[in-house]
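The values are calculated or read from the model by the stated rules, or taken from the named source; none is laboratory data. Small disclaimer: the values here were computed from a predicted structure and weren't measured. Here Cβ is always computed from backbone atoms with ideal geometry, including for glycine, and neighbour counts include all displayed protein chains. Side chains are part of the model used for accessible areas, which takes the heavy atoms of the whole protein and leaves out ligands, DNA and RNA. Shrake-Rupley method; radii C 1.70, N 1.55, O 1.52, S 1.80 Å.
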Amino acid sequence: MEKIMSFLKNLFDRKIVILAAAGTLLFIGMAIFAPLLAPYDPNRQDLMSSLAKPSAKYLLGTDLHGRDILSRIIFGTRISMVIGILAVFIGTIIGSLLGLIAGYFGGIPDLVIMRILEAVFSIPRIILAIALGAVYGNGLAILAVIIGFSTIPGYARLIRGQVFQVKQNDFIAAGEVIGVSSARQILKHILPNVISPIIVMMTQNIGSAILTEASLSFLGVGINPPTATWGGMVNDGRSYLLTSPLASLAPGVCIVILVICLNILGDGVRDALDPRLKGITH
């Protein structure tokens, strides 16, 4: 309990991190309670109110099909958060496992794993996601897997480097001398010592995954319409920036705010887990 309180104290030592955490919680609340918060069905069309200006009825106006922009933004939060969390979970599990194996065993396993991941890493994330989406489709679960797959090399390289450092400690050598199994060494002694950078990278990669999903939706290869997504809304409204700017700007601002909040929160988590880095970011 004392460690948790110390972590929270270090985490919220800066006001900007508190604001970022509050902003993140606000978006999470929007995603969870979307049906209660949205004034209308996000796919409900009112063609008589196409591209309507903000009013008491439609607080942020409507899009080309007369759909309430505010309702679509609220429901779009759910899509973004689900894809971001699922993608990070997939990338973390697989990438960390590969990094632990490559770092601990070295030799041929390390060579094979890292050469394959370097080939994947050399392909830009958006291009890789577009290519995989063209083959496997673009449903919510598939998109989360595709984005998560594109993050695997980053996790593997990070954990591999951390494992190399931990292996230099005497307790690892002592375990090998007394015959501790490789699985026990990895799970009991190595993984707990590399968990901090994993947590930090997870926090920051949620924002990156959300940005990737928004980019794919903007390019028309994300979630299929009429499902509300922030990137899809930006794309749909960009042709009407002069007549109905909020149709594109409002979801775009949400993307920017959420990604910034997650990145700041990730920096705060890093500082809290390793206070020696706080002087670097202040």
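Of the residues in the range 1-60, how many are among the polar types (S, T, N, Q) and within 25 Å of the chain's Cα centre (by Cα)?
Initially, the range 1-60 is screened for residues among the polar types (S, T, N, Q), giving 6, 10, 24, 43, 45, 49-50, 55.
Checking the rest, the ones that are also within 25 Å of the chain's Cα centre (by Cα) come to 10, 24.
Of the residues in the range 1-60, 2 are among the polar types (S, T, N, Q) and within 25 Å of the chain's Cα centre (by Cα).
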Would you tally the residues in the range 131-147 being open to solvent by less than 60 Å² (accessible area, probe 1.4 Å) and more than 14 Å from Ile210 (Cα to Cα)?
-> 6
From the list Ser150, Ser96, Ser71, which residue is in a helix (DSSP H, G or I), in contact with a Gly (Cβ under 8 Å, 6 or more places away or on another chain), of a type in the set (S, T, N, Q) and surrounded by 22 or more Cβ atoms within 10 Å (Cβ to Cβ)?
-> Ser150
Taking the range 20-45 and keeping residues more than 11 Å from Arg72 (Cβ to Cβ) and hydroxyl-bearing (Ser, Thr, Tyr) leaves Thr24
Starting from residues that are among the hydroxyl-bearing types (Ser, Thr, Tyr) and modelled with pLDDT under 85, keep the ones in the range 155-194 and report whichever is farthest from the chain's Cα centre (by Cα).
-> Ser181
In the range 246-267, what residues are closer than 30 Å to Ser6 by Cβ and either modelled with pLDDT of 85 or more or open to solvent by 20 Å² or more (accessible area, probe 1.4 Å) (or both)?
-> Ile257, Leu258, Val259, Ile260, Cys261, Leu262, Asn263, Ile264, Leu265, Asp267
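This table checks each residue for (1) touching a residue at least 60 places away in the same chain (Cβ under 8 Å); (2) under 20 Å from the mean Cα position of the chain (by Cα); (3) at positive phi.
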{"position": "Glu213", "(1), (2), (3)": "yes, yes, no"}
{"position": "Val221", "(1), (2), (3)": "yes, yes, no"}
{"position": "Met233", "(1), (2), (3)": "yes, yes, no"}
{"position": "Asp236", "(1), (2), (3)": "yes, no, no"}
{"position": "Thr243", "(1), (2), (3)": "yes, no, no"}
{"position": "Ser248", "(1), (2), (3)": "no, no, no"}
{"position": "Cys254", "(1), (2), (3)": "yes, yes, no"}
{"position": "Ile260", "(1), (2), (3)": "yes, yes, no"}
Residue check for Pro197: open to solvent by 20 Å² or more (accessible area, probe 1.4 Å), outside any helix (DSSP H, G or I), modelled with pLDDT of 80 or more and closer than 30 Å to Ala129 by Cβ = no
What about Thr243, is it β-branched (Val, Ile, Thr), over 25 Å from Val88 (Cα atoms), open to solvent by 10 Å² or more (accessible area, probe 1.4 Å) and part of a loop (DSSP other than H, G, I, E, B)?
-> yes
The range 20-51 - residue that is hydrophobic (A, V, I, L, M, F, W, C) and touching a residue at least 60 places away in the same chain (Cβ under 8 Å) and, of those, most open to solvent (accessible area, probe 1.4 Å) = Leu51
